[in-house]
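Presented below is the structure to which this report refers.
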Amino acid sequence: MAKLYVQEKKKKSHIQPEVYGHFSEHLGRGIYGGIFVGEDSEIPNVKGMRKDVVDALKELRVPVLRWPGGCFADEYHWMDGIGPKEGRKKMVNTHWGGVVEDNSFGTHEYFELCEQLGCKTYINGNVGSGTVREMSEWVEYMTFPGVSPMADLRCKNGREEAWKVDYFGVGNENWGCGGNMMPEYYGNLYRRYQTYVRDYKAGEHIRKIACGPNVDDYQWTEDLLRVCFARNDHGYMDGLSLHYYVVPHDWKHKGSATRFTGAEWYLTLHKALYMEELIERHGAIMDRFDPKKKVGMMVDEWGAWFDVEPGTNPGFLYQQSTMRDALVAAVTLNIFNKHSDRVKMACIAQMVNVLQSVILTEGERMLKTPTYHIFHMYRHHQDADLLESWMEGVETVGSGEDQVPCLQESVSVDQNGIMTVTVANLSLERTESLEIVFTESTPELVEARILTGAMNAMNTFEEPDQVREQAFEGVAISGRQASLTIPPCAVVSLRLQ
Ligand code: AHR
């Protein structure tokens, strides 16, 4: 039997709510149709935002939303997306399907969405094809509280009060779609562009995020930080991004989202667990430049990336989501929790209708994916403190190179003293007995939930509740110990006090 030890008094680091963040790009039906339908739509909406989608997202306590891209960010010219809608300039979204972008969702609409969600704001600026002036004026437009040319323009467009920009990304993937730059070159551009991302409002610091590495490009991290930290000890940044997608096979044939074998299940989870090595190795480089961990690692794009749903536009990246996605999310979020001393934000790609979404829509219909339920079960980790925990006696499952631990966990405690334990059973066959040993207290069970199903179980528009979170009855508590039996292919969350 596997054992999980918890040291309830050993708080290791704080789990910033932003670790449970989201990303939404002008890509396929991610925004248009999925979130924003316009005020004249027959789909019930509030100021153009789908009511069903916003209501479902609110239940997740979305902490932050990154926008407008992605690769789109380095082609986006914010002035095209302000002012009367009929006058907004159209553009071709060359990255994503070559469709016409009418800019009806722009800066004002983004802030409206964040207000409805009650989340923090994360704007990604354009370094690849934009000027310093353009970026600087966007920041002025959004945040300048007094009289200035851009603040006046904002007022003219109907918004008097300055908004709050919590995070600002200075470019996206500038090693690739954001300009194919070398780290030294981008590093110097970063130093320059970020200078003009000014804090206009007293007490409101815009946290600046530099474009970090792609997957295991440790040289990028090293070279970029060397340039940014030269002649100063803060690197001019509050965060460094990291992008990592779980692609089962290769970029040309990634693998089907819904039709896969047991071997592909373990291959995918093995790749999901690789996130830990990436965080540790990039983190070790960051530690040399920033030993006090003032700069957050912002994993602002992560998730599973499969072949698009057959028959859909390849440029729209629309994929279904199964229990395999739920396990990818569960183990990844456990890893983020365990590294919350360095990981200060993470944004799943992408919130609605794109890649590993939490919500899918089709016309007026909407469904919650298995990944949605994981975010819901894990929401209590937000703003909690990570506790020391470790497992013993965990079997290894899978085959060949794709061996994974059968069980994986993280544990936190919130401000009210309620502990959240989240445990994933990665096995397709093994029902696992687990004994949790609380080393310092005798807690009582407050709530137990489970998400389980066949490996490729999914929610469809015809059957939207095939996979859903349910009460979990199989927990017995006695003194300092809790015993539970976790079925294969399942994620359990316990709340104890
Ligand atoms: O999320 C889809 C794309 O993946 C983003 O636009 C880009 O940043 C990444 O390569």
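The values are calculated or read from the model by the stated rules, or taken from the named source; none is laboratory data. Here the structure is a predicted model, which means the values were calculated and not measured. Note: ideal-geometry Cβ built from the backbone for every residue, glycine included; neighbour counts use all protein chains shown.
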Residues that are within 14 Å of the ligand (Cβ to nearest atom) and small (Gly, Ala, Ser), drawn from segment 305-351: Gly315, Ala346, Ala349
Log entry, pairs with first residue in segment 343-363 being among the small types (Gly, Ala, Ser), second being away from the ligand (no atom under 13 Å from the Cβ) and assigned to a strand (DSSP E or B), beta carbons closer than 7 Å, six or more apart or on different chains, reads Ala346/Gly21
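Results for (1) more than 22 Å from Cys119 (Cβ to Cβ); (2) in contact with a helix residue (DSSP H, G or I) (Cβ under 6 Å, 6 or more places away or on another chain), shown as yes or no for each residue.
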{"site": "Glu137", "(1), (2)": "yes, yes"}
{"site": "Glu140", "(1), (2)": "yes, yes"}
{"site": "Pro145", "(1), (2)": "no, no"}
{"site": "Trp163", "(1), (2)": "no, yes"}
{"site": "Tyr167", "(1), (2)": "no, no"}
{"site": "Asn172", "(1), (2)": "no, yes"}
{"site": "Met181", "(1), (2)": "yes, no"}
{"site": "Tyr185", "(1), (2)": "yes, no"}
{"site": "Arg198", "(1), (2)": "yes, no"}
Which pairs turn up if I take residues in segment 176-205 that are within 21 Å of Tyr244 (Cβ to Cβ) and in contact (Cβ under 8 Å) with a residue 60 or more places away in the chain and look for partners that are within 16 Å of the ligand (Cβ to nearest atom) and assigned to a loop (DSSP other than H, G, I, E, B) with beta carbon separation below 7 Å, at least 6 apart in sequence or on another chain? Cys177/His95; Gly178/Val127; Gly178/Gly128; Gly178/Gly171; Gly178/Asn172; Gly178/Cys211; Gly179/Val127; Gly179/Gly128
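What are the residues in segment 289-347 that are hydrophobic (A, V, I, L, M, F, W, C) and part of a loop (DSSP other than H, G, I, E, B), if any? Spell out how you get there, then give the answer.
In the first step, residues of segment 289-347 are kept if they are hydrophobic (A, V, I, L, M, F, W, C); the result is 289, 295, 297-299, 302, 304-306, 308, 316-317, 323, 326-331, 333, 335-336, 343, 345-347.
Passing the criteria: Val295, Trp305, Phe306, Val308, Leu317.
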Check whether at least one residue in segment 353-361 is part of a strand (DSSP E or B), within 15 Å of the ligand (Cβ to nearest atom) and either among the small types (Gly, Ala, Ser) or at negative phi (or both), and report yes or no. no
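Yes or no: Ser433 among the small types (Gly, Ala, Ser), in a strand (DSSP E or B) and more than 24 Å from the chain's Cα centre (by Cα)?
On the way: among the small types (Gly, Ala, Ser): yes; in a strand (DSSP E or B): yes; more than 24 Å from the chain's Cα centre (by Cα): yes.
It is true that Ser433 is among the small types (Gly, Ala, Ser), in a strand (DSSP E or B) and more than 24 Å from the chain's Cα centre (by Cα).
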Here is a check on your reading of the model: is Leu113 farther than 23 Å from Cys211 by Cβ, surrounded by 22 or more Cβ atoms within 10 Å (Cβ to Cβ) and either modelled with pLDDT of 95 or more or among the acidic types (Asp, Glu) (or both)? yes
Just checking, does segment 295-304 include any residue being small (Gly, Ala, Ser) and surrounded by fewer than 24 Cβ atoms within 10 Å (Cβ to Cβ)? no
Exactly one of Ala448, Ala424 is touching a Phe, Trp or Tyr at 6+ places or on another chain (Cβ under 7 Å), surrounded by 17 or more Cβ atoms within 10 Å (Cβ to Cβ) and of a type in the set (A, V, I, L, M, F, W, C), and that one is Ala448
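What residue, among those in segment 25-56 that are of a type in the set (Gly, Ala, Ser) and under 23 Å from the mean Cα position of the chain (by Cα), is farthest from Val99 (Cα to Cα)?
Quick first cut of segment 25-56, residues of a type in the set (Gly, Ala, Ser) only: 28, 30, 33-34, 38, 41, 48, 56.
Those left that are additionally under 23 Å from the mean Cα position of the chain (by Cα): 28, 30, 33-34, 56.
Working: Gly28: 9, Gly30: 13, Gly33: 14, Gly34: 16, Ala56: 28 Å.
The qualifying residue farthest from Val99 (Cα to Cα) is Ala56.
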Restricting to segment 68-104, name every residue that is surrounded by 22 or more Cβ atoms within 10 Å (Cβ to Cβ), in a loop (DSSP other than H, G, I, E, B) and within 16 Å of the ligand (Cβ to nearest atom). Pro68, Gly69, Gly70, Tyr76, Trp96
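Out of all the residues in segment 294-325, which are under 20 Å from Val227 (Cβ atoms) and touching a Lys or Arg at 6+ places or on another chain (Cβ under 8 Å)?
Gly296, Met297, Met298
Restricting to segment 232-248, count the residues that are under 22 Å from the mean Cα position of the chain (by Cα) and away from the ligand (no atom under 16 Å from the Cβ).
We begin by selecting, within segment 232-248, every residue under 22 Å from the mean Cα position of the chain (by Cα); these are 237-248.
Now restrict to residues that are away from the ligand (no atom under 16 Å from the Cβ): 237-238, 248.
Number satisfying all stated conditions: 3.
Residues of segment 18-66 being part of a loop (DSSP other than H, G, I, E, B) and within 16 Å of the ligand (Cβ to nearest atom), which ones?
First pass over segment 18-66, keeping only residues part of a loop (DSSP other than H, G, I, E, B): 24-31, 33-35, 37-44, 47-48, 59-63.
If the condition is that a residue be part of a loop (DSSP other than H, G, I, E, B) and within 16 Å of the ligand (Cβ to nearest atom), then Ser24, Glu25, His26, Leu27, Gly28, Arg29, Gly30, Ile31, Gly34, Ile35 are the ones that fit.
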